[in-house]
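Note sheet for the following structure.
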Amino acid sequence: MSGIYELNYKISMKKLLYRKLFLDYMSFFLIAIISSSLIIWIFQAVNFLDIIIEDGREYIVYIKYSLLNFPKIISRLVPFVLFFSIYYILTKYETNNELIIFWNFGEHKINFVNFIIKISLFLLLFQILLTSSIVPKSQDQARSFLRNSKVNFFENFIKPKRFNDTIKGVTIYSEKKDSDGYLYNLFIKKNISGGFEITFAKKGIFLENNITPVIVLYDGETITSKDDKITNISFSKSDFLLSNLKSNTIITQKIQEMITYDLISCVALLNKINVNYLIMDQKKIINCNKNNEINMTQELYKRLIVPFYIPILMLIPYLLILSSKEKNNYNKIKLFTFILGVIIIIFSEAIIKLVSEELILTLFIFLTPFITFITFYSLFFFKFKIASYKL
(Lines give C-alpha, C1' and ligand atoms only; values in the text may rest on other atoms or scores of the structure.)
Protein backbone atom coordinates (compact mmCIF):
# COMPACT_ATOMS: atom_id res chain seq x y z
CA MET A 1 0.00 0.00 0.00
CA SER A 2 2.85 2.36 0.79
CA GLY A 3 4.23 1.83 -2.73
CA ILE A 4 0.90 2.75 -4.32
CA TYR A 5 0.60 5.79 -2.06
CA GLU A 6 4.10 6.92 -2.97
CA LEU A 7 3.36 6.48 -6.68
CA ASN A 8 0.14 8.50 -6.46
CA TYR A 9 1.98 11.17 -4.48
CA LYS A 10 4.65 11.47 -7.16
CA ILE A 11 2.04 11.68 -9.94
CA SER A 12 0.09 14.42 -8.14
CA MET A 13 3.28 16.35 -7.38
CA LYS A 14 4.38 16.13 -11.01
CA LYS A 15 1.02 17.53 -12.11
CA LEU A 16 1.40 20.43 -9.67
CA LEU A 17 4.94 21.12 -10.85
CA TYR A 18 3.93 21.09 -14.52
CA ARG A 19 0.93 23.29 -13.79
CA LYS A 20 3.18 25.83 -12.07
CA LEU A 21 5.66 25.67 -14.95
CA PHE A 22 2.87 26.19 -17.47
CA LEU A 23 1.47 29.18 -15.54
CA ASP A 24 4.94 30.72 -15.29
CA TYR A 25 5.45 30.31 -19.05
CA MET A 26 2.08 31.74 -20.01
CA SER A 27 1.96 34.58 -17.49
CA PHE A 28 5.39 35.86 -18.53
CA PHE A 29 4.52 35.42 -22.21
CA LEU A 30 1.22 37.31 -21.92
CA ILE A 31 2.77 40.18 -19.98
CA ALA A 32 5.68 40.41 -22.44
CA ILE A 33 3.56 40.19 -25.62
CA ILE A 34 0.97 42.72 -24.44
CA SER A 35 3.47 45.26 -23.13
CA SER A 36 5.83 45.05 -26.13
CA SER A 37 2.91 45.15 -28.61
CA LEU A 38 1.46 48.22 -26.91
CA ILE A 39 4.81 50.04 -27.01
CA ILE A 40 5.26 49.35 -30.73
CA TRP A 41 1.60 50.17 -31.43
CA ILE A 42 1.93 53.56 -29.71
CA PHE A 43 4.99 54.48 -31.79
CA GLN A 44 3.23 53.26 -34.93
CA ALA A 45 0.06 55.16 -34.04
CA VAL A 46 2.11 58.36 -33.86
CA ASN A 47 3.32 57.74 -37.41
CA PHE A 48 -0.28 57.16 -38.52
CA LEU A 49 -1.05 60.74 -37.50
CA ASP A 50 -0.07 61.58 -41.08
CA ILE A 51 -3.48 60.21 -42.04
CA ILE A 52 -4.98 63.22 -40.29
CA ILE A 53 -2.31 65.86 -40.72
CA GLU A 54 -1.22 65.14 -44.27
CA ASP A 55 -4.39 63.68 -45.79
CA GLY A 56 -7.02 65.63 -43.88
CA ARG A 57 -9.19 62.68 -42.82
CA GLU A 58 -11.50 62.38 -39.82
CA TYR A 59 -10.14 61.34 -36.43
CA ILE A 60 -12.41 58.29 -36.32
CA VAL A 61 -10.67 56.96 -39.47
CA TYR A 62 -7.29 57.38 -37.77
CA ILE A 63 -8.46 55.59 -34.61
CA LYS A 64 -10.00 52.64 -36.45
CA TYR A 65 -7.02 52.31 -38.79
CA SER A 66 -4.57 52.32 -35.88
CA LEU A 67 -6.49 49.78 -33.80
CA LEU A 68 -6.87 47.36 -36.71
CA ASN A 69 -3.07 47.23 -37.10
CA PHE A 70 -2.68 45.82 -33.57
CA PRO A 71 -3.19 42.12 -34.58
CA LYS A 72 -0.39 42.43 -37.13
CA ILE A 73 2.00 43.71 -34.46
CA ILE A 74 1.14 40.80 -32.17
CA SER A 75 1.65 38.23 -34.92
CA ARG A 76 5.11 39.61 -35.71
CA LEU A 77 6.22 39.56 -32.06
CA VAL A 78 4.85 36.15 -31.04
CA PRO A 79 7.87 34.01 -32.19
CA PHE A 80 10.54 36.08 -30.43
CA VAL A 81 8.49 36.68 -27.26
CA LEU A 82 7.70 32.97 -26.97
CA PHE A 83 11.34 32.04 -27.36
CA PHE A 84 12.47 34.65 -24.85
CA SER A 85 9.74 33.62 -22.35
CA ILE A 86 10.77 29.96 -22.37
CA TYR A 87 14.45 30.90 -22.25
CA TYR A 88 13.96 33.28 -19.31
CA ILE A 89 11.79 30.95 -17.23
CA LEU A 90 14.07 27.94 -17.75
CA THR A 91 17.12 30.02 -16.80
CA LYS A 92 15.29 31.24 -13.72
CA TYR A 93 14.29 27.69 -12.74
CA GLU A 94 17.88 26.48 -13.13
CA THR A 95 19.27 29.41 -11.12
CA ASN A 96 16.79 28.77 -8.28
CA ASN A 97 17.42 25.00 -8.38
CA GLU A 98 13.75 24.40 -9.22
CA LEU A 99 14.51 22.01 -12.08
CA ILE A 100 16.12 19.61 -9.64
CA ILE A 101 12.68 19.07 -8.10
CA PHE A 102 11.50 17.48 -11.35
CA TRP A 103 14.47 15.13 -11.48
CA ASN A 104 14.10 14.22 -7.78
CA PHE A 105 10.56 13.02 -8.46
CA GLY A 106 11.91 10.70 -11.12
CA GLU A 107 10.72 12.71 -14.10
CA HIS A 108 12.53 11.81 -17.32
CA LYS A 109 13.92 14.76 -19.23
CA ILE A 110 12.35 13.56 -22.48
CA ASN A 111 8.92 13.89 -20.82
CA PHE A 112 9.95 17.39 -19.78
CA VAL A 113 10.67 18.14 -23.45
CA ASN A 114 7.40 16.55 -24.60
CA PHE A 115 5.52 18.86 -22.23
CA ILE A 116 6.72 22.01 -24.04
CA ILE A 117 5.98 20.44 -27.42
CA LYS A 118 2.35 19.92 -26.40
CA ILE A 119 2.10 23.58 -25.39
CA SER A 120 3.78 24.69 -28.61
CA LEU A 121 1.18 22.88 -30.73
CA PHE A 122 -1.64 24.96 -29.23
CA LEU A 123 0.35 28.16 -29.73
CA LEU A 124 1.16 27.05 -33.28
CA LEU A 125 -2.56 26.75 -34.07
CA PHE A 126 -3.19 30.16 -32.49
CA GLN A 127 -0.45 31.75 -34.61
CA ILE A 128 -1.77 30.16 -37.82
CA LEU A 129 -5.26 31.46 -37.01
CA LEU A 130 -3.75 34.89 -36.40
CA THR A 131 -1.60 35.07 -39.55
CA SER A 132 -3.95 33.32 -41.97
CA SER A 133 -7.29 34.81 -40.93
CA ILE A 134 -7.33 37.58 -38.33
CA VAL A 135 -4.41 39.69 -39.61
CA PRO A 136 -5.38 39.70 -43.34
CA LYS A 137 -8.99 40.51 -42.44
CA SER A 138 -8.00 43.32 -40.07
CA GLN A 139 -5.55 44.74 -42.64
CA ASP A 140 -8.20 44.70 -45.35
CA GLN A 141 -10.72 46.30 -43.00
CA ALA A 142 -8.20 49.00 -42.04
CA ARG A 143 -7.52 49.86 -45.66
CA SER A 144 -11.24 49.82 -46.45
CA PHE A 145 -11.64 52.73 -44.04
CA LEU A 146 -9.12 54.66 -46.14
CA ARG A 147 -10.71 53.56 -49.41
CA ASN A 148 -14.15 54.72 -48.35
CA SER A 149 -13.13 57.81 -46.40
CA LYS A 150 -13.27 61.32 -47.75
CA VAL A 151 -10.94 64.22 -47.15
CA ASN A 152 -12.74 66.42 -44.64
CA PHE A 153 -10.05 68.59 -43.12
CA PHE A 154 -8.98 70.14 -46.39
CA GLU A 155 -6.97 72.91 -44.80
CA ASN A 156 -4.65 70.40 -43.13
CA PHE A 157 -3.20 68.65 -46.13
CA ILE A 158 -1.90 71.64 -48.12
CA LYS A 159 1.68 72.40 -47.16
CA PRO A 160 3.46 75.42 -48.68
CA LYS A 161 6.10 74.74 -51.34
CA ARG A 162 4.89 71.17 -51.82
CA PHE A 163 2.79 69.55 -54.51
CA ASN A 164 -0.18 68.12 -52.60
CA ASP A 165 -1.97 65.29 -54.39
CA THR A 166 -3.96 63.74 -51.54
CA ILE A 167 -7.22 64.30 -53.44
CA LYS A 168 -7.61 61.98 -56.39
CA GLY A 169 -7.19 63.77 -59.71
CA VAL A 170 -6.23 67.08 -58.09
CA THR A 171 -2.79 68.59 -57.49
CA ILE A 172 -2.48 71.77 -55.42
CA TYR A 173 0.60 73.89 -54.90
CA SER A 174 1.00 77.03 -52.80
CA GLU A 175 4.06 79.17 -52.41
CA LYS A 176 3.28 80.31 -48.86
CA LYS A 177 0.58 80.56 -46.20
CA ASP A 178 0.09 83.37 -43.69
CA SER A 179 -1.22 83.31 -40.12
CA ASP A 180 -4.76 84.13 -41.29
CA GLY A 181 -4.90 81.01 -43.47
CA TYR A 182 -4.46 82.77 -46.83
CA LEU A 183 -2.55 80.85 -49.49
CA TYR A 184 -0.46 82.76 -52.04
CA ASN A 185 0.52 82.02 -55.65
CA LEU A 186 -1.72 78.99 -55.98
CA PHE A 187 -1.47 76.37 -58.70
CA ILE A 188 -4.32 73.85 -59.04
CA LYS A 189 -4.49 71.10 -61.62
CA LYS A 190 -7.63 69.00 -61.92
CA ASN A 191 -8.17 66.04 -64.22
CA ILE A 192 -11.48 66.17 -66.07
CA SER A 193 -13.16 63.95 -68.62
CA GLY A 194 -11.28 64.30 -71.89
CA GLY A 195 -8.56 66.61 -70.58
CA PHE A 196 -7.45 68.74 -67.65
CA GLU A 197 -8.01 72.09 -65.98
CA ILE A 198 -5.26 74.33 -64.62
CA THR A 199 -5.97 77.29 -62.36
CA PHE A 200 -3.56 80.00 -61.26
CA ALA A 201 -4.43 82.49 -58.51
CA LYS A 202 -2.52 85.13 -56.57
CA LYS A 203 -4.37 84.37 -53.36
CA GLY A 204 -6.86 81.90 -51.92
CA ILE A 205 -8.43 80.71 -48.70
CA PHE A 206 -10.43 77.69 -47.52
CA LEU A 207 -14.01 78.25 -46.49
CA GLU A 208 -15.86 75.33 -44.93
CA ASN A 209 -19.60 75.34 -44.50
CA ASN A 210 -22.33 72.78 -43.94
CA ILE A 211 -22.97 72.39 -47.68
CA THR A 212 -19.76 72.36 -49.71
CA PRO A 213 -16.18 73.26 -48.74
CA VAL A 214 -14.45 75.53 -51.26
CA ILE A 215 -11.21 77.34 -51.95
CA VAL A 216 -12.02 80.95 -52.69
CA LEU A 217 -9.52 82.16 -55.31
CA TYR A 218 -8.65 85.79 -56.10
CA ASP A 219 -7.03 87.36 -59.18
CA GLY A 220 -6.28 84.42 -61.42
CA GLU A 221 -7.14 82.52 -64.55
CA THR A 222 -8.28 79.04 -65.52
CA ILE A 223 -6.95 77.16 -68.54
CA THR A 224 -9.09 74.24 -69.69
CA SER A 225 -7.93 71.63 -72.19
CA LYS A 226 -10.71 69.32 -73.36
CA ASP A 227 -11.02 67.32 -76.56
CA ASP A 228 -7.96 69.14 -78.01
CA LYS A 229 -9.59 72.53 -77.41
CA ILE A 230 -8.09 75.11 -75.05
CA THR A 231 -10.06 77.85 -73.31
CA ASN A 232 -8.76 80.59 -71.04
CA ILE A 233 -10.90 82.42 -68.47
CA SER A 234 -9.63 85.20 -66.21
CA PHE A 235 -11.35 86.03 -62.91
CA SER A 236 -11.07 88.39 -59.98
CA LYS A 237 -12.81 85.91 -57.68
CA SER A 238 -13.73 82.25 -58.19
CA ASP A 239 -14.78 79.28 -56.07
CA PHE A 240 -13.01 75.95 -56.47
CA LEU A 241 -15.45 73.34 -55.15
CA LEU A 242 -14.11 70.46 -53.08
CA SER A 243 -17.28 68.36 -53.00
CA ASN A 244 -17.35 64.74 -54.21
CA LEU A 245 -13.55 64.56 -54.32
CA LYS A 246 -12.08 61.23 -53.24
CA SER A 247 -8.81 60.39 -51.57
CA ASN A 248 -5.82 59.34 -53.65
CA THR A 249 -5.42 56.19 -51.51
CA ILE A 250 -4.66 52.93 -53.31
CA ILE A 251 -8.00 51.22 -54.00
CA THR A 252 -6.74 47.85 -55.26
CA GLN A 253 -6.56 45.16 -52.60
CA LYS A 254 -3.00 44.19 -51.67
CA ILE A 255 -1.82 40.60 -51.58
CA GLN A 256 -1.26 40.89 -47.81
CA GLU A 257 -4.97 41.68 -47.43
CA MET A 258 -6.29 38.76 -49.49
CA ILE A 259 -7.95 35.88 -47.68
CA THR A 260 -5.82 32.75 -47.43
CA TYR A 261 -8.37 30.64 -49.31
CA ASP A 262 -8.02 32.87 -52.38
CA LEU A 263 -4.23 32.76 -52.18
CA ILE A 264 -4.18 28.97 -52.11
CA SER A 265 -6.70 28.80 -54.95
CA CYS A 266 -4.69 31.21 -57.09
CA VAL A 267 -1.37 29.41 -56.57
CA ALA A 268 -3.10 26.11 -57.38
CA LEU A 269 -4.58 27.59 -60.55
CA LEU A 270 -1.31 29.10 -61.72
CA ASN A 271 0.45 25.76 -61.17
CA LYS A 272 -2.41 23.86 -62.85
CA ILE A 273 -3.22 21.90 -59.70
CA ASN A 274 -6.83 20.75 -59.94
CA VAL A 275 -8.41 20.67 -56.49
CA ASN A 276 -12.20 20.47 -56.60
CA TYR A 277 -12.97 22.41 -53.42
CA LEU A 278 -10.83 25.41 -54.44
CA ILE A 279 -11.93 28.29 -56.64
CA MET A 280 -11.31 27.22 -60.22
CA ASP A 281 -12.05 30.55 -61.90
CA GLN A 282 -8.98 32.77 -62.02
CA LYS A 283 -11.03 35.85 -62.89
CA LYS A 284 -12.83 35.69 -59.54
CA ILE A 285 -9.58 36.20 -57.61
CA ILE A 286 -8.07 39.68 -57.36
CA ASN A 287 -4.39 39.95 -58.36
CA CYS A 288 -4.35 36.34 -59.61
CA ASN A 289 -1.83 36.40 -62.45
CA LYS A 290 1.55 34.93 -63.25
CA ASN A 291 3.37 38.14 -62.27
CA ASN A 292 2.10 37.81 -58.69
CA GLU A 293 2.75 34.08 -58.29
CA ILE A 294 6.00 34.45 -56.34
CA ASN A 295 4.56 37.17 -54.12
CA MET A 296 1.53 35.02 -53.35
CA THR A 297 3.71 31.99 -52.60
CA GLN A 298 5.81 34.12 -50.26
CA GLU A 299 2.67 35.36 -48.54
CA LEU A 300 1.47 31.78 -48.04
CA TYR A 301 4.88 30.93 -46.58
CA LYS A 302 4.56 33.78 -44.05
CA ARG A 303 1.04 32.79 -43.07
CA LEU A 304 1.18 29.00 -43.01
CA ILE A 305 4.83 27.94 -42.73
CA VAL A 306 6.56 30.50 -40.49
CA PRO A 307 4.27 29.58 -37.54
CA PHE A 308 5.76 26.07 -37.66
CA TYR A 309 9.01 27.57 -36.38
CA ILE A 310 7.25 28.15 -33.04
CA PRO A 311 7.76 24.55 -31.76
CA ILE A 312 11.43 24.87 -32.75
CA LEU A 313 11.84 28.19 -30.94
CA MET A 314 10.17 26.76 -27.84
CA LEU A 315 12.38 23.68 -28.01
CA ILE A 316 15.72 25.48 -28.40
CA PRO A 317 15.82 26.86 -24.80
CA TYR A 318 15.61 23.25 -23.60
CA LEU A 319 19.23 22.90 -24.69
CA LEU A 320 19.86 24.38 -21.24
CA ILE A 321 18.75 21.16 -19.52
CA LEU A 322 21.53 19.28 -21.31
CA SER A 323 23.84 20.83 -18.76
CA SER A 324 23.60 22.40 -15.29
CA LYS A 325 24.75 25.65 -13.74
CA GLU A 326 27.48 23.83 -11.79
CA LYS A 327 29.38 23.04 -14.97
CA ASN A 328 31.97 25.46 -16.28
CA ASN A 329 30.48 25.61 -19.78
CA TYR A 330 26.95 26.51 -18.62
CA ASN A 331 27.27 30.23 -19.38
CA LYS A 332 28.59 29.41 -22.84
CA ILE A 333 25.59 27.14 -23.43
CA LYS A 334 23.24 29.92 -22.28
CA LEU A 335 24.82 32.36 -24.72
CA PHE A 336 24.86 29.80 -27.54
CA THR A 337 21.19 28.93 -26.92
CA PHE A 338 20.08 32.57 -27.04
CA ILE A 339 22.08 33.33 -30.19
CA LEU A 340 20.79 30.16 -31.86
CA GLY A 341 17.18 31.19 -31.14
CA VAL A 342 17.75 34.65 -32.62
CA ILE A 343 19.40 33.09 -35.70
CA ILE A 344 16.40 30.79 -36.22
CA ILE A 345 14.01 33.75 -36.01
CA ILE A 346 16.04 35.73 -38.56
CA PHE A 347 16.43 32.68 -40.78
CA SER A 348 12.68 31.96 -40.80
CA GLU A 349 12.03 35.48 -42.11
CA ALA A 350 15.04 35.83 -44.43
CA ILE A 351 14.65 32.52 -46.27
CA ILE A 352 11.42 33.83 -47.82
CA LYS A 353 13.58 35.73 -50.32
CA LEU A 354 14.66 32.40 -51.81
CA VAL A 355 11.11 31.46 -52.76
CA SER A 356 11.05 31.35 -56.55
CA GLU A 357 9.55 29.54 -59.51
CA GLU A 358 11.95 26.65 -58.86
CA LEU A 359 9.57 24.05 -57.43
CA ILE A 360 12.26 21.92 -55.74
CA LEU A 361 13.84 24.90 -53.95
CA THR A 362 10.47 26.28 -52.85
CA LEU A 363 9.39 22.84 -51.62
CA PHE A 364 12.62 22.54 -49.61
CA ILE A 365 12.02 25.99 -48.05
CA PHE A 366 8.49 24.95 -47.07
CA LEU A 367 9.81 21.71 -45.51
CA THR A 368 12.70 23.38 -43.65
CA PRO A 369 10.87 23.96 -40.32
CA PHE A 370 9.72 20.33 -40.21
CA ILE A 371 13.22 19.02 -40.96
CA THR A 372 14.71 21.36 -38.34
CA PHE A 373 12.18 20.31 -35.70
CA ILE A 374 12.82 16.61 -36.31
CA THR A 375 16.57 17.24 -36.04
CA PHE A 376 16.29 19.04 -32.69
CA TYR A 377 13.84 16.56 -31.22
CA SER A 378 16.01 13.63 -32.32
CA LEU A 379 18.93 15.26 -30.51
CA PHE A 380 16.97 15.36 -27.26
CA PHE A 381 15.42 11.95 -27.72
CA PHE A 382 18.67 10.04 -28.31
CA LYS A 383 20.58 12.10 -25.75
CA PHE A 384 18.13 11.36 -22.95
CA LYS A 385 17.40 7.80 -24.01
CA ILE A 386 21.11 6.97 -23.99
CA ALA A 387 21.45 8.66 -20.60
CA SER A 388 18.55 6.59 -19.21
CA TYR A 389 20.15 3.36 -20.46
CA LYS A 390 23.38 4.24 -18.71
CA LEU A 391 21.43 4.65 -15.48
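The values are calculated or read from the model by the stated rules, or taken from the named source; none is laboratory data. Remember, predicted model here, so these are calculated numbers, not experimental data. Note that we place each Cβ from the backbone using ideal geometry, even for glycine, and neighbour counts take in every protein chain shown. Accessible surface is based on the protein model in full, side chains and every heavy atom, while ligands, DNA and RNA are left aside. Shrake-Rupley method; radii C 1.70, N 1.55, O 1.52, S 1.80 Å.
Any chance you could run the full-extension gain for Leu354 through Phe370? It's 0.36 nm times the residue separation minus the Cα-Cα distance, nm to one decimal.
Gain on extension, Leu354 to Phe370, equals 4.0 nm.
Residues of the range 344-384 with backbone nitrogen within less than 13 Å of a virtual label 7 Å along the Cα-to-Cβ line of Leu304, please, listed as ranges.
Answer for the range 344-384: 363, 366-367.
Take the eigenvalues of the Cα gyration tensor for the range 285-347, scale each by 5, and report the square roots as semi-axes in whole Å, largest first.
Semi-axes, largest first: 40, 10, 5 Å.
How far apart, in nanometres, would the label points at Ser324 and Lys189 be if each is projected 7 angstrom from Cα along the Cα-to-Cβ direction?
The modelled label-to-label distance comes out at 7.7 nm.
For labels at Ile101 and Ser36 in the simple 7 Å Cα→Cβ model, what's the distance in nm?
Between Ile101 and Ser36, the simple spin-label model gives 2.7 nm.
By accessible area of protein heavy atoms, probe 1.4 Å, what ranking do Arg303, Arg143, Arg19 get, highest first?
Arg19, Arg143, Arg303
Please give me, ordered by residue number, the chymotrypsin sites (Phe, Trp or Tyr not before Pro) of the range 174-238 that lie in loop per DSSP and have at most 16 other Cβ atoms within 10 Å.
Passing both the DSSP loop test and the Cβ count: Tyr182.
Using Stokes-Einstein with the Kirkwood hydrodynamic radius over Cα pairs, what translational diffusion coefficient do you get for the range 56-96 at 10 °C and a viscosity of 1.306 mPa s, in µm²/s rounded to a whole number?
Here the translational diffusion coefficient equals 124 µm²/s.
Computed FRET efficiency, Cβ-Cβ of Val216 and Lys332, R0 45 Å: what is it to the nearest 0.05?
The computed FRET efficiency comes out at 0.05.
Between Val342 and Ala45, what length in nm is gained on full extension when 0.36 nm per residue of separation is reduced by their alpha carbon distance?
104.2 nm
Over the heavy atoms of Lys332, what accessible area does a 1.4 Å probe trace out, to the nearest 10 Å²?
Taking all protein chains as shown, Lys332 has close to 150 Å².
What distance in nm separates the simple spin-label points at Phe196 and Lys229, each placed 7 Å from Cα in the Cβ direction?
2.1 nm
Excluding ligands, DNA and RNA, what is the solvent-accessible area per residue of the range 176-229 at a probe of 1.4 Å, expressed in Å²?
60 Å²
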